[in-house]
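Colleague: Here it is, the structure, as structure tokens.
The values are calculated or read from the model by the stated rules, or taken from the named source; none is laboratory data. Only a predicted model underlies this, so the values are computations on that prediction, with no experimental measurement involved. Note that we place each Cβ from the backbone using ideal geometry, even for glycine, and neighbour counts take in every protein chain shown.
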Amino acid sequence: MTQSLQGFPPVLSPQGRVLILGSMPGAASLAARQYYAHPRNAFWPIMGCLTGSGPGMPYQERTIKLAQAGVSLWDVLATCQREGSLDTAIRDAQPNDFHSLFQACPHLTHVFFNGRKAEQLFVRDVRPGLEKNLPSRSLIYMGLPSTSPAHAGRTFEEKCRAWQDALEALLL
């Protein structure tokens with residue numbers, strides 16, 4: 001049965017330069033009310049390597065440490081219909097209010113997409129409005145390998161290296 005899903009508020013780093021976007025939290029994340037809560041999702045282990053906000057810490061401490069490292073976290077979608085957790089099952093998607101987010105976080109310069117679906121949704125449903133309503137805002141966009149356990153085409157090490165290469169220059 002298709003469910004109507006509501007995403008989470010952003011984890012914000014008001015002075016940060018990086019915004020990481022997923023598509024919509026999966027079932028495990030929605031149940032836990034935490035970003036990337038599936039135990040096999042590589043997001044928090046990768047962030048642990050890069051920012052010290054690893055899965056061994058309580059969730060609230062991880063998000064604080066991530067924000068202190070200059071990284072904001074959100075999803076492209078505010079709501080959608082979906083059965084299960086796969087991005088391919090997303091229907092009737094409504095994007096989050098990025099205009100307000102970029103006004104609240106004027107230092108954001110880089111938007112990284114956690115997987116292709118997040119990037120596709122953003123490019124199709126969000127970016128045209130941003131370019132129209134915030135024409136002076138210059139942002140750099142980059143797709144990164146999905147940290148989802150469903151994305152088995154790359155090893156953890158390969159995913160970690162790609163994320164490290166993208167974030168290293170901005171975080172150090």
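Colleague: Can you list the strands (runs of 3 or more DSSP E) found entirely within segment 70-172 that contain at least 2 residues being hydrophobic (A, V, I, L, M, F, W, C) and at pLDDT 85 or above?
Modeller: 71-75, 77-82, 110-114, 140-144
Colleague: Could you please tell me which pairs satisfy a Cβ distance under 8 Å, a separation of 6+ or placement on different chains, a first residue in segment 21-43 that is over 18 Å from PRO145 (Cβ atoms), and a second residue that is part of a helix (DSSP H, G or I) and of a type in the set (A, V, I, L, M)?
Modeller: ALA37/ALA28; ALA37/ALA31; PRO39/ALA28
Colleague: Of the numbered conditions (1) over 14 Å from the mean Cα position of the chain (by Cα); (2) surrounded by 17 or more Cβ atoms within 10 Å (Cβ to Cβ), SER13 fails exactly one; give the number of that condition.
Modeller: (1)
Colleague: Would you mention how many residues in segment 25-60 are modelled with pLDDT under 95, in contact with a helix residue (DSSP H, G or I) (Cβ under 7 Å, 6 or more places away or on another chain) and not in a loop (DSSP other than H, G, I, E, B)?
Modeller: Total satisfying the criteria: 3.
Colleague: Return a yes/no flag: does segment 120-133 have any residue that is of a type in the set (Phe, Trp, Tyr), within 15 Å of the chain's Cα centre (by Cα) and surrounded by 16 or more Cβ atoms within 10 Å (Cβ to Cβ).
Modeller: Yes, some residue in segment 120-133 is of a type in the set (Phe, Trp, Tyr), within 15 Å of the chain's Cα centre (by Cα) and surrounded by 16 or more Cβ atoms within 10 Å (Cβ to Cβ).
Colleague: So which of THR79, THR88, THR147, THR63 ends up being under 27 Å from PRO39 (Cβ atoms), touching a helix residue (DSSP H, G or I) at 6+ places or on another chain (Cβ under 8 Å) and surrounded by 14 or more Cβ atoms within 10 Å (Cβ to Cβ)?
Modeller: THR147
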